[in-house]
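Participant: The structure's right below; bear with me while I get my questions together.
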Amino acid sequence: MTVTAVPERTGDETAGRSLAGLLVTPVFLAAVSAALYLYVRGLDLDAIERRSLGRSEITHQFLQHVRLVAVSTALVLAIAVPLGVLLTRPPLDRLSAPFLALANVGQAVPSIGVLVLLAVTVGIGFQKAVVALILVSALPVLRNTMVGLRGVDRSLIEAGRGIGLSRAAVLFRVELPLAVPVILASVRVAVILNVGSATLAAFTNAGGLGDLINTGISLNRTPILLTGSVLTAVLAMAADWLIGIVELVLRPRGL
C-alpha cells in the first residue's frame, strides 16, 4: 500500500491566503455600501425618511456606534487580558474557575437584559451602555487569554528561563507572542458582539445605529430599517477586517 505524503502548509502560504482574503473584504464592503446608497437614492422618500436618512444624521449615528464599540472593546482588552494573565500565575490561578463562572453569568444574560437592568438600577446614557457591552463581551477575551497562555509549550518557557530571562521577560517575549493568535480570535468575537449589541443601546439613550433600526421598525419605514441594518453589518465586517490585519502583523512567523 502506497501512502502519499500531504505537504504541510507553511506559515507563508497561510499568510498569503489570509492577505488575499483581506484584500477582498474592503472591495465587497465598498460594493455593498454603494448598492445601499443607490437603492436609497432611487426611492421617493417622505419627510420622515429624508430626515432620518440625511447625511449628517447617518454620520452622527454611525460615529456614535463606532464610539460605543471602540470604547467598550478597549476597556474589555484593558480589563480581560491583564486579568487573564494574572489568573494563569500562581497563586491566583486557583481563582480562575470562580472568575470564569462569574464571567459566564454576564455572557448568559441576553444583551438587552443587561442594558435594561443597568438602565433601571443606575440610569441611562453612554457610560451605562459601555458597562453593559463590557459585561457582554469580556468572557471570550478572558477565557482565550487564559487558554492561549496555558497552551504555550512548557519546554519553551523553561528554555527562556534557562537562558536567564526573568518571569516577566518570559511572559512578554515568549508566552504572550505565542498566545496572540488565540487572544485575537477572542477579540474578533468580542468586537462582533459589541457591534451587534450596541444597536440595543438605542433603548438606553446611548445613540448609535440602533436609533435608525428602532425608527424603521416603530414607524414601519423599510428604507430606514434597511439602512441601519446594512450599516451595522458593514461596520462589523470592517472591524473584523481591521483585526485580521492586526493579527497578521502580530502573529509570530511560522504560526
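The values are calculated or read from the model by the stated rules, or taken from the named source; none is laboratory data. Just so we're clear, the structure is a prediction, and the values are computed from it rather than from any experiment. When we count neighbours, we look across all protein chains shown, and the Cβ atoms used for this are built from the backbone with ideal geometry, even at glycine. Ligands, DNA and RNA are stripped out before the accessible areas are found, and what is left, the full protein with its side chains, is counted by its heavy atoms. Shrake-Rupley method; radii C 1.70, N 1.55, O 1.52, S 1.80 Å.
Participant: Net charge near D240, counting Lys/Arg +1 and Asp/Glu -1 over other residues with Cβ under 11 Å of its Cβ?
Facilitator: 0
Participant: So, with a 1.4 angstrom probe, what is the percent of accessible area on the chain that is carbon and sulfur?
Facilitator: About 66 percent, which is the carbon plus sulfur part of the accessible surface.
Participant: For the chain, report the accessible area per residue in Å² (1.4 Å probe, heavy atoms, rounded to an integer).
Facilitator: Working: 14480 Å² over 255 residues.
I get 57 Å² per residue for the chain.
Participant: State the Kirkwood hydrodynamic radius of the stretch 107-255 in Å, one decimal place, computed from all pairs of distinct Cα atoms.
Facilitator: Answer for the stretch 107-255: a Kirkwood hydrodynamic radius of 17.6 Å.
Participant: Among 69-79, 187-197, how do they line up from the highest to the lowest mean number of other beta-carbon atoms within 10 Å?
Facilitator: 187-197, 69-79
Participant: Still on this structure, please answer the following. Report the local net charge at A80: Lys and Arg +1, Asp and Glu -1, summed over other residues whose C-beta lies under 15 Å from its C-beta.
Facilitator: Every neighbour counted, the sum reads +2.
Participant: Moving on to the next point. Return the tail of the calculated pair distribution for the stretch 159-244, meaning the percent of Cα-Cα pairs more than 17 Å apart.
Facilitator: 62 percent
Participant: Around L165, what is the net charge, scoring Lys/Arg as +1 and Asp/Glu as -1 over all other residues with Cβ under 12 Å from its Cβ?
Facilitator: My count for the surroundings of L165 gives +1.
Participant: For the stretch 143-160, in order, what is each residue's ³J(HN,Hα) by Karplus, 6.51 cos²θ - 1.76 cosθ + 1.60 with θ = phi - 60°, in whole Hz (x at glycine and Pro)?
Facilitator: With coefficients 6.51, -1.76 and 1.60, one gets 5, 6, 4, 5, 5, x, 5, 6, x, 5, 4, 4, 5, 5, 5, 5, 5, x Hz.
Participant: Here's a follow-up. State to the nearest 20 debye the size of the charge dipole of the stretch 24-250 about its Cα centre, where the only charges are +1 on K and R beta carbons and -1 on D and E beta carbons.
Facilitator: 460 debye
Participant: Further question on the same structure: Mind giving me the nanometre distance, one decimal, between the label points for R150 and R94, set 7 Å out from Cα along Cα→Cβ?
Facilitator: 1.7 nm
Participant: Would you mind calculating the gained length between L38 and A78 on full extension (0.36 nm times residue separation, minus the Cα-Cα distance), in nm to one decimal?
Facilitator: 10.3 nm
Participant: Ranked highest first by the average count of other Cβ atoms within 10 Å around their residues, in what order do 130-136, 163-169 fall?
Facilitator: Top to bottom by mean Cβ count within 10 Å: 130-136, 163-169.
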